[in-house]
Each structure stands twice: as structure tokens, then as C-alpha cells.
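Visitor: One structure, pasted below without further comment.
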Amino acid sequence: MASDKFLTKALTHFVLLIGVIISIFPFYWLVVMVTNTTSDILRFPPKLTFGHELFTNVKNVLASIDFYQAFFNTLFVSTVTVIGVLFFCSLAGFTFAKFRFPGKNMLFTALLLTMMIPSQMSFVPSFLLIAEFGWVDSYKALIIPGLASAFGIFWIRQFCQDAVPDELLEAGRLDGCNTFRLYWNVALPSLRPALTFLGIFTFIGVWNDYLWPLVTINSPSRYTLQVMLAQLNGVYDTDYAIIMTGTLMATLPLIILFIIFSKQFMKGVAEGAVKE
């Protein structure tokens, strides 16, 4: 029995180790490409060791595109969008979870139905709408359409049902809290794990978005990172070392963000899964 347990445990760890290696290898290969030249990348058999071209490739990226401006644009759009999503989605989710009002179930069902519609189907109507408002080629086009999401409202609503007891709200009302103070002072502190997960999830989605900024922004001074990195592709020749370097430079902030908030992120996922 002891030997069977040991073999099972060893096999489990071996399988997990293989999974970790498979998951990490693409990132390792990205770093290898960043430190080599394009000729090394295209060589067969492939070169799997680090080179000495990292700083040269970084210099070439900074000389080819306005990386810092694009970085600021992406950071600004992502941060403002996350703030808006956390506020509006938590407010709507709290309302759906803890208040009764006419048409509540019908509205929530309609909200869930919008999650089943592919985003590509709303692409043209959304663009026509912002064109009517005169928002094309402005930060408004990048920020305002994403200030609330059906998934965010659903996520907060599911979490809020158990995380914020009705008795706590009743105690707040007895202390003289109005509806907004109940949301701000009573509900929000209990929703921190869910808000952390939603914030990171939204930030990564906005940071990596390519198609919407490509269509709505015309001025290079307002390009986001993903659109700016696409300018590294040559018409007749492609320097893969520079492209991979730009990709790594754009990915590093997301890695740092996840490392900083990884505990809260995992806690939000785990608690949300239990509550749902």
C-alpha cells in the first residue's frame, strides 16, 4: 500500500512537472528569440540558448516606433477602463444581488443573453455609434464602450449574493445609511477579492486589445501598444528579433502586475468558484 501511494504521488508530480515545462517553454523561447538575431531564430535546428543581442534589439525597437508614447496610451486607457468597470459593474452587480425592483429578472436575463452574442457582431454597430458621437480617433472611443461589461456585472452579482449578508445591510440601514452608502461602505469592502480578479482580468483584456484600437484610432500619437507593435512588420522583410523584443517589452508589465496581485487573483477565483 505504501509503495502504491508513493508511485501514485510520484506519477502525479511527474505529470505536473511535464505540464509546467510545456507551459513555460513558449515564454522561454520568446526570451531566447529576444536575445538572438533573426538569422539565429530561423536557423535549423533551432538555437535554444541565449544570445547577446538583447540591448541591440531593444535599441532597434525604440528607434523603429514611439514605444513610450504607445506605452503611456495603453496604460492610461487600461487604468481608466478598469476604474470604470470596477465602479459600474460592482454597483450594478450589487443592485441585482440585493435589491428588488420591477423587471429585475428580465433585465438580468437580457444581460446574460448579451454574453452569448459574439463580440464581432456588435463591432460595426459600436463603431457607427461612436462615429455619430464624434469620438473616432480619440481616447473616448477606447475607454467609454468598455466601461461596463456583462461578465463583470454577472461576476460581482454572483459573488455579492453570499459575500454581503442581508443582515449586514439591514444593520447599515438602521444606522442611517442610504443606498449608495450601503454600497460604498458596507458592500465594497466585502467584494475586494472579486474586484481584484475583475480588475486584473479587465486590465489584461484592454492591454492586449488590438482590433478595436486599430479601427477607431488614426493618429499615431494615440496608438496603443498592440497597434504600434504591428508597425514593426516590414512590407518586404520582417525582423522577427525586433518583433519578439517589442512583444516581450509589452508583456513584462502584465507579468509584473500578475506577480504583485497573484494571491488576490487566486483568492478571487477560488472564492468565486465556491460561491457560484
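The values are calculated or read from the model by the stated rules, or taken from the named source; none is laboratory data. What you are looking at is a predicted structure, and each value in this text was computed from that prediction instead of being measured. For neighbour counting, all protein chains shown are included, and Cβ atoms are generated from backbone atoms with ideal geometry for every residue, glycine included. SASA here: full protein model, heavy atoms, side chains in, ligands and nucleic acids out. Shrake-Rupley method; radii C 1.70, N 1.55, O 1.52, S 1.80 Å.
Visitor: Do we have LEU42 as surrounded by 10 or more Cβ atoms within 10 Å (Cβ to Cβ), over 28 Å from the mean Cα position of the chain (by Cα), farther than 30 Å from TYR240 by Cβ and not aromatic (Phe, Trp, Tyr) here?
Guide: So LEU42 does not fit the description; no.
Visitor: Would you say TRP212 is open to solvent by 30 Å² or more (accessible area, probe 1.4 Å), at pLDDT 90 or above and in a helix (DSSP H, G or I)?
Guide: Yes, satisfied.
Visitor: Then there's this: Please go through (1) assigned to a helix (DSSP H, G or I); (2) open to solvent by less than 60 Å² (accessible area, probe 1.4 Å); (3) of a type outside the set (Lys, Arg) for ILE22 and return the number of the only condition it doesn't satisfy.
Guide: (2)
Visitor: Same structure, new question: Can we say ASP175 is surrounded by fewer than 16 Cβ atoms within 10 Å (Cβ to Cβ), touching a residue at least 60 places away in the same chain (Cβ under 8 Å) and over 21 Å from the mean Cα position of the chain (by Cα)?
Guide: no
Visitor: Is it the case, given these coordinates, that LEU75 is under 22 Å from the mean Cα position of the chain (by Cα), buried (at least 17 other Cβ atoms within 10 Å of the Cβ) and either among the acidic types (Asp, Glu) or within 22 Å of ILE200 (Cα to Cα) (or both)?
Guide: When the stated conditions are applied, LEU75 does not pass them.
Visitor: Here is a follow-up. Somewhere in segment 111-121, is a residue surrounded by 11 or more Cβ atoms within 10 Å (Cβ to Cβ), farther than 26 Å from THR74 by Cα, out of contact with any Ser or Thr (no Cβ under 7 Å at 6 or more places or on another chain) and not aliphatic (A, V, I, L, M)?
Guide: Yes; the residues of segment 111-121 include at least one that is surrounded by 11 or more Cβ atoms within 10 Å (Cβ to Cβ), farther than 26 Å from THR74 by Cα, out of contact with any Ser or Thr (no Cβ under 7 Å at 6 or more places or on another chain) and not aliphatic (A, V, I, L, M).
Visitor: All but one of (1) within 30 Å of THR37 (Cβ to Cβ); (2) modelled with pLDDT under 85 hold for LEU225; which doesn't?
Guide: Of the numbered conditions (1) within 30 Å of THR37 (Cβ to Cβ); (2) modelled with pLDDT under 85, the odd one out for LEU225 is (2).
Residues checked against (1) within 18 Å of the chain's Cα centre (by Cα); (2) of a type outside the set (S, T, N, Q); (3) over 18 Å from ALA187 (Cβ atoms):
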| site | (1), (2), (3) |
| --- | --- |
| GLY93 | no, yes, no |
| GLY103 | no, yes, yes |
| MET121 | no, yes, yes |
| SER126 | no, no, yes |
| LEU129 | no, yes, yes |
| VAL136 | no, yes, yes |
| ALA148 | yes, yes, no |
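Visitor: Now a separate question. Are any of the residues in segment 86-101 touching a residue at least 12 places away in the same chain (Cβ under 8 Å), of a type in the set (Ser, Thr, Tyr) and under 30 Å from TYR223 (Cβ atoms)?
Guide: Within segment 86-101, none of the residues are touching a residue at least 12 places away in the same chain (Cβ under 8 Å), of a type in the set (Ser, Thr, Tyr) and under 30 Å from TYR223 (Cβ atoms).
Visitor: Any chance you could count how many residues in segment 22-39 are without any contact (Cβ under 8 Å) to a residue 60 or more places away in the chain and in contact with a Gly (Cβ under 7 Å, 6 or more places away or on another chain)? Give the steps one after another, and end with the answer.
Guide: If we filter segment 22-39 for residues that are without any contact (Cβ under 8 Å) to a residue 60 or more places away in the chain, which is where we start, we get 22-29, 32, 35, 39.
Imposing the further condition that a residue be in contact with a Gly (Cβ under 7 Å, 6 or more places away or on another chain) reduces the set to 35.
Looking only at that region, the number is 1.
Visitor: A further question on this structure: Is one or more of the residues making up segment 88-110 more than 30 Å from PRO165 (Cβ to Cβ), at pLDDT 90 or above and buried (at least 18 other Cβ atoms within 10 Å of the Cβ)?
Guide: No, segment 88-110 has no match at all.
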